[in-house]
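Each value in this text was obtained by applying a stated rule to the coordinates, not by laboratory testing. These figures come from a predicted structure and were not determined experimentally. Ideal geometry is used to build each Cβ from the backbone, glycine not excepted, and the neighbour counts take in all protein chains shown.
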Amino acid sequence: MRAEKKYLIDEVEIHLKKSDYVILANFTGVTVADAAELRNRLAAEKAEYHVVKNSSLRVAAKSLGLPDIDGALTGPTAIVVGGKNSAGVAKILKQFFKDKQKVEVKAGVLSKKLISPKDVERLADMPSLDVMRAQLLGLMNQPAGMFVRIINAVPQGLVNVLQAKVRSAEAS
């Protein structure tokens, strides 16, 4: 293998190792200014956008044990990797496509499983990781809060009964 080709494959492997997901996109019609804007938006989630050669991506994905992505490797391909919030990255891509009508998702790999463009869109519609954590904590706190209210209700009920008796005794 030529040294240049080996270098390109190694470069793609480095990118693919940055996260447990990769989103493949068609970047036809994306200008340099558009790519810069997308990179800036993705930086908020610590994600990166890279244009790669399909042949290098195919070899790198196979060497890393990723699922067969050959079906998505037609036309120009860019990858989005990095960061821990795959749903947040998918939201950014969905919004960018909506705004610019240029970047189209070809496929994705999430936890070494191939996902369709429709699945990436569903991922974009999920709440962020922070929102999901807050919802989980809310659900976990709900039974404890109800328990405290029940325990507090017994003495509060006794106080109410005693106050009613005092009022009735004062009235007579």
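With charges set only on the Cβ (+1 for Lys and Arg, -1 for Asp and Glu), what does the dipole of the chain come to about its Cα centre, in debye to the nearest 20?
Details: 26 positive and 18 negative charges, 33 e Å.
The calculation lands at about 160 debye.
Taking the Cβ of each residue in ASP68, ASP119 as the centre, tally the other Cβ atoms inside 10 Å and list the residues starting with the fewest.
Details: ASP68 11, ASP119 16.
Going from least to most buried by this count: ASP68, ASP119.
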With Cα springs under 10 Å, the Gaussian network model of the chain assigns the largest mean-square fluctuation among ILE23, ILE14, ILE92 to ILE14
What list of ³J(HN,Hα) values in whole Hz, one per residue of the stretch 72-78 in order, does the Karplus curve 6.51 cos²θ - 1.76 cosθ + 1.60 (θ = phi - 60°) give from phi, with Gly and Pro shown as x?
8, 8, 10, x, x, 10, 10
Estimated vicinal HN-Hα couplings, Hz - the stretch 7-18 in sequence order (Karplus 6.51, -1.76, 1.60; Gly, Pro = x)
4, 4, 5, 4, 4, 5, 4, 4, 5, 5, 7, 6
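To the nearest 0.05, what FRET efficiency results for ILE151 and MET126 with a Förster distance of 45 Å applied to their C-beta separation? Please report the intermediate quantities before stating the final value.
Numbers: r = 37 Å, r/R0 = 0.81.
With R0 = 45 Å, the Cβ-Cβ based efficiency is 0.75.
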In whole Hz, what ³J(HN,Hα) sequence does the stretch 143-150 give by Karplus (6.51, -1.76, 1.60; θ = phi - 60°), x for Gly and Pro?
x, 5, x, 5, 4, 4, 5, 5
Take peptides 140-147, 125-132, 74-81 and line them up by average Cβ neighbours within 10 Å, highest first, as a rough protection proxy.
74-81, 125-132, 140-147
